[in-house]
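Report on one structure; see the data block that follows.
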Amino acid sequence: MSRFADVIIDITHEKVDRPFQYRIPEALKEQIFTGCQVDVPFGRGDRIRRGYVVGLSDTPSYDPAKLKEIGQIHGGSVSAETKLIQVAWWMKERYGSTMNQALKTVLPVKQQVKQQESRWLCCNVGHEALLGQIEEAARKKYRARERLLRAFLDVERISYEVATRQLSVTSATLKPLLEQKILRLEASVCYRDPARLLLAGRTGEQGGRVRLNEEQQQVVSSICGQYDEGIRRTYLLHGITGSGKTEVYMGLIDHVLEKGEQVIVLIPEIALTYQTVLRFYRRFGEQVSFINSRLSAGERYDQFQRAQKGELQIMIGPRSALFTPFRRLGMIIIDEEHEGAYKSETMPRYHAREVAEYIASLSGASLVLGSATPSVESYTKALQGVYGYYKIAKRAKKDSVLPKVQVVDMRRELKEGNRSIFSRPLQRRMEEKLEKGEQIMLFLNRRGYSRFLSCRSCGEAIRCPHCDVTLTFHQDGRLICHYCGYQIMRPWACPVCGSPYLAPFGTGTQKIEAQVREAFPKARVLRMDLDTTSKKGGHEKILTAFADHEADILIGTQMIVKGHDLPAVTLVGILAADLSLYAPDFRCGERTFQLLTQAAGRAGRDERAGDVVIQTYSPEHYCIAAAAAQDYEAFYQKEMEYRRLLRYPPACVLMTLLVGSPKEELTGMAMELVQASIERTLKKAGEEAGIQMIGPVNAVIYKLNDIYRKILYMKSENYAILIQIRDRIEEGLKGQDWSDQIIFQFDLS
């Protein structure tokens, strides 16, 4: 009986974004399964293309005589789990991407990478025979052979690399020894282990279970109790900074591992990898590994291979770790669940929290969301009873308390003659902490030396030719676009008017570093931003040096204030709290509160009391006041008042439609087509659709990487009608001759 396979062709193009049915040849019937990669003839010329099998059936959808036959299973491919194919299909439908884009997201390793082998030379003869071979080699003056054989008098086996490099033995020397079976060569696969490399020399002894305090134990006991009863749901763990959420995670993981199941732990930043992996490795040993974008293709391949074979039980990493092919997934943990890093900025524009919920439901796993400042969406679901909710209100360490926070009005500082970036209260506290030998963190959410370079004669700023933004000025003289990567060296004359009077404006982390060194010349200073951590191992090198007290002051961007536990830090200075407050985003208030609260939480995490200085030009703003008081509930109530009033999520569903093209006129034409499609849909739906439309308007950055972009916003309580509108718009755009020159993206919040 014939069998048939539905295959998605590996071409990222909307016109082929559907399964094509193929006949399965008799020889491959037992080898084809959902998720495997195959080579198939495609198109009029029957060009061989690679594809993924997304379904199997015994009945054809078309005339069997017209169906083409699968050529072969693609050799060396990494088999995809059926579950991941399901996840890809769900993401395609939910986020509006092509199936190929979704597959390339959930299958981050798509082809085999050459495996590393461990090779050993072993002696095949007894002691007397070995002595005889040594004498013969000496008599014939085979120096290399004699040297190698003598080494076997002391050891049973020798690494092939040691033999060839240290003993200077060539393959010509080895060949007769192997042929005569005097020696034998043993080889085994040696997996690349990035965790060992990352933690080399710093793992210490494997730690036992830490005694949890009463609040922590209540959370672990409750969730584990439900786990044993077969209850699998989503939980929100709301614990203040320093409350020991990681210890709670470990308690939960212990229980899941005892049941023979596996765990995925998501972290938002690569900067957190070192500290997180170190803590988990000390507790769980070689059951732990991690994935992130800094790993080589070989390292990533090996980690997914180890996970598939059940050699790993815990995978740690950012969004991509969510797609680890565990066969017995029991729990997913998302630390700092509020972080924007969990939202993908490329198609499919998925949110890791939503995808984790879907994967957990497919796998029969529990999902734990942890944060000191939960997202408004998650907290709302917790209040509604959709999520289980647990709160930890005290810091885990016995004598550790929340730091004292002082809000400094920089307007008053300026009026009283202080033009420095450092307020007088912050300067005084920095001097005090340095005298005591304590450590300081200074946070500024902007890298570079200055914001931009501007002509003082004509007022023109140096702009990126590919994006509608100014270039950021760096201390080494480079001007860089932090959106597309374009860079030039500093010009010495204005390109518009020719004036030599070009001056830097604004402040970045490099400039702060220079000012700190000038103000505190004896202090040892480190800077941590994207520029200093661009190379592999950059994060670990800086954090290790600071943790080992090789520096007194750490200056950095967001990456220094998220999740790090540095006991000697007793002062955190937030230099410009307003930078994120007035961004063109309805979540700017929420993000400012979260950032300030997380930054403040880095101070005083041990016995010594901590201090925080927040410098701002808006001290009366509710986000800053709530962050200073570490009062999440007060922030949430005020924030939700605005969300309900303005119909923003979670009070309403917001759909963002973005249309872009390298040709500005096509962007306008496509947006007109989008508007017409929406109006037709709304006319049929009537008033009950309850849709509010805003725009279209130019995107905040209208030109980005040579793409002109327009945005249309739609608000509604009716999720289904928004999806219907999206689908009709996509169909309308596909029918245009110029559709291949258009970028269409949509985002649901």
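The values are calculated or read from the model by the stated rules, or taken from the named source; none is laboratory data. Predicted model only: the values in this text are computed from it and were never measured. No Cβ is skipped: glycine too gets one built from the backbone with ideal geometry, and neighbour counts run over all protein chains shown. We work out accessible area using only protein heavy atoms, side chains counted, and drop any ligands, DNA or RNA first. Shrake-Rupley method; radii C 1.70, N 1.55, O 1.52, S 1.80 Å.
Subtracting the Cα-Cα distance of TYR582 and GLU93 from their residue separation scaled by 0.36 nm leaves 172.7 nm.
Just the protein heavy atoms count here, and of the accessible area of the chain at 1.4 Å, carbon and sulfur take up 48 percent.
Working from label points 7 Å from Cα in the Cα-to-Cβ sense, the TYR486 to ASP254 distance is 5.6 nm. Ordering LEU579, TYR142, LEU471 by Cα displacement along the dipole of the chain toward the positive end leaves TYR142 in first place; charges were set at the Cβ atoms of Lys, Arg (+1) and Asp, Glu (-1). Taking label points 7 Å from Cα along the Cα-to-Cβ direction, GLU431 and TYR617 give a separation of 2.8 nm.
Straightening the chain between GLN475 and LYS734 buys 88.5 nm, computed as 0.36 nm per residue apart minus the Cα-Cα spacing. Among the chymotrypsin sites (Phe, Trp or Tyr not before Pro) found in segment 689-729, not one is both in a DSSP coil and sparsely packed, with 15 or fewer other Cβ atoms within 10 Å of its Cβ.
Looking at CYS123, LEU673, ILE392, which one has the Cα that reaches farthest to the positive end of the dipole of the chain (charges on Cβ: Lys, Arg +1; Asp, Glu -1)? After comparing all options, I get CYS123. Working ranking of peptides 598-604, 564-570 by packing, defined as the average number of other Cβ atoms within 10 Å per residue, highest first, is 598-604, 564-570. Computed from point charges on the beta carbon alone (+1 for Lys and Arg, -1 for Asp and Glu), the dipole magnitude for the chain about its Cα centre is near 1440 Debye. Most tightly packed first, judged by the mean number of other beta-carbon atoms within 10 Å of their residues, the peptides 650-662, 322-334 read 322-334, 650-662. The calculated FRET efficiency for GLN515 paired with GLU136, based on their beta-carbon distance and R0 = 60 Å, is about 0.20. Distance between the 7 Å Cα→Cβ label points at GLN180 and THR544: 4.7 nm. Looking at the chain, the accessible area is 46 square angstrom per residue; that uses a 1.4 Å probe and ignores ligands, DNA and RNA. Here is the result for segment 623-680: no chymotrypsin sites (Phe, Trp or Tyr not before Pro) lie in DSSP coil with at most 15 other C-beta atoms within 10 angstrom of their C-beta. Loop only per DSSP, at most 16 neighbouring Cβ atoms within 10 Å: give me the GluC sites (Glu not before Pro) in segment 613-721, ordered by residue number. Those satisfying the criteria are GLU620, GLU717. Packing here is the average count of other Cβ atoms within 10 Å per residue, and on that basis the peptides 278-288, 406-416, highest first, run 278-288, 406-416. In a fully extended conformation the segment linking LYS66 and CYS497 would gain 148.3 nm over its present Cα-Cα distance, using 0.36 nm per residue. On the beta carbon distance between SER57 and GLN637, with R0 = 41 Å, the FRET formula returns roughly 0.15.
Only beta bridges with both residues in the chain are counted; by DSSP, about 55 percent of them are antiparallel. Of the residues TYR274, GLN305, LEU322, the one whose Cα sits farthest toward the positive end of the charge dipole of segment 265-345, with +1 on the Cβ of Lys and Arg and -1 on the Cβ of Asp and Glu, is GLN305. In this structure, LYS309 and VAL401 have a Cβ-Cβ separation that, at R0 = 56 Å, corresponds to a calculated FRET efficiency of about 0.75. Across segment 471-484, coupling constants 3J(HN,Hα) worked out from phi with the 6.51/-1.76/1.60 Karplus curve, θ = phi - 60°, read 7, 7, 8, 10, 5, 7, x, 7, 10, 10, 8, 7, 9, 10 Hz, and Gly and Pro carry x. Within segment 423-437, find all residues whose amide N lies under 11 Å from a label point positioned 7 Å from the Cα of GLU416 along Cα-to-beta-carbon. What the label zone holds, given the 11 Å backbone N cut-off, is 423-426.
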